[in-house]
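What follows is a single structure, written as structure tokens, with notes after it.
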Amino acid sequence: MSTHAAARVAAPTRREQILKEAARLFAERGFHGVGVDEIGAAVGISGPGLYRHFPGKDAMLAELLVGISERLLAGGELRVSQDAASQDGSHEALLDALIAGHIDFALDDRPLITLHDRELDRLRDTDRKRVRRLQRQYVEVWVGVVRGLYPDLPEHEARAAVHAVFGLLNSTPHLGRPGALPDRTDTAALLHRLARGAFDAAGGARTAPDGLTE
């Protein structure tokens with residue numbers, strides 16, 4: 001494939017551009033604080049022109065929240081399947097891959113985290129239930145990997161640890177403005193260490209009597 005062809009493939013579609021700007025504006029001003037005309041202006045088309053792509057703001061919100069849940073689950077399942085097909089795969093490497101994938105989401109899609117926290121209840125009942133179902137499946141992907149690495153960890157504790165780590169990683173919208181964060185590489189490395197530390201603690205890392213890790 002030529003460089004120009006690859007660029008054409010990689011370029012976001014107008015629909016993707018609309019969703020990206022809608023997520024940013026919804027996160028900044030709230031769902032009801034943003035009009036269709038503002039979203040259109042952000043992507044260079046008229047407000048009514050958006051209706052060629054989406055029937056309304058509700059549809060945009062649903063696609064954003066259902067879409068990211070689907071993407072996270074698909075990414076987790078892909079990493080597990082790739083590990084299963086690898087002859088040198090390990091539970092530790094797989095957990096690191098899952099953490100790294102979620103960190104990419106947490107750093108690159110911060111508006112979606114804000115949207116989920118604030119606007120999930122605005123979805124239609126069917127869409128909200130779908131998001132919840134996808135999220136439960138995503139959690140179980142992690143639980144299986146965590147228990148593979150820490151086989152003595154009870155299932156309910158592994159699940160609690162996964163939820164706790166998600167809370168830690170999904171805290172990125174509260175770390176300050178995107179430009180105020182440390183270098184992305186450093187931030188990702190810090191989040192990764194914190195996540196692994198949490199799992200090591202849950203997995204019963206050996207500690208000396210004075211509380212220091214052996």
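The values are calculated or read from the model by the stated rules, or taken from the named source; none is laboratory data. None of the values given here were measured: they were computed from a predicted structure. Positions of Cβ are generated from backbone atoms using ideal geometry, with glycine treated the same way; all protein chains shown enter the neighbour counts. Quick note on the areas: whole protein, heavy atoms, side chains included, nothing else; ligands and nucleic acids left out. Shrake-Rupley method; radii C 1.70, N 1.55, O 1.52, S 1.80 Å.
So here's what we get for this one:
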{"item": "Helix 57-85 axis, angle to the chain major axis (alpha carbon atoms, nearest 10°)", "result": "40"}
{"item": "Whole-number accessible area per residue in Å² for region 1-160, which is evaluated in the context of all protein chains at 1.4 Å", "result": "55"}
{"item": "Point-charge dipole on Cβ atoms (K/R +1, D/E -1) for the chain, about Cα centre, debye to 20", "result": "860"}
{"item": "The chain: calculated mean residue ellipticity at 222 nm from DSSP helix runs of at least 4, using -39500 (n - 2.57)", "result": "-23000 deg cm²/dmol"}
{"item": "At 1.002 mPa s and 20 °C, Stokes D of the chain from Kirkwood alpha-carbon radius, µm² per second", "result": "111"}
{"item": "Accessible surface of the chain, 1.4 Å probe, proportion on carbon and sulfur as whole %", "result": "53"}
{"item": "For peptides 44-52, 109-117, sequence by mean Cβ density within 10 Å, most packed first", "result": "109-117, 44-52"}
{"item": "Rel. contact order, % - alpha carbon contacts under 8 angstrom, at least six apart, the chain", "result": "20"}
{"item": "Helix axis angle, 110-119 relative to the chain longest principal axis, alpha carbon, degrees", "result": "80"}
{"item": "Gyration tensor (alpha-carbon) shape descriptor, region 76-197, a/c threshold 1.5", "result": "oblate"}
{"item": "Proximal charge balance of Leu50 [Cβ under 11 Å; K/R count +1, D/E count -1]", "result": "+1"}
{"item": "Sparsely packed trypsin sites (Lys or Arg not before Pro) within region 85-188, loop by DSSP, other Cβ within 10 Å at most 12", "result": "Arg124"}
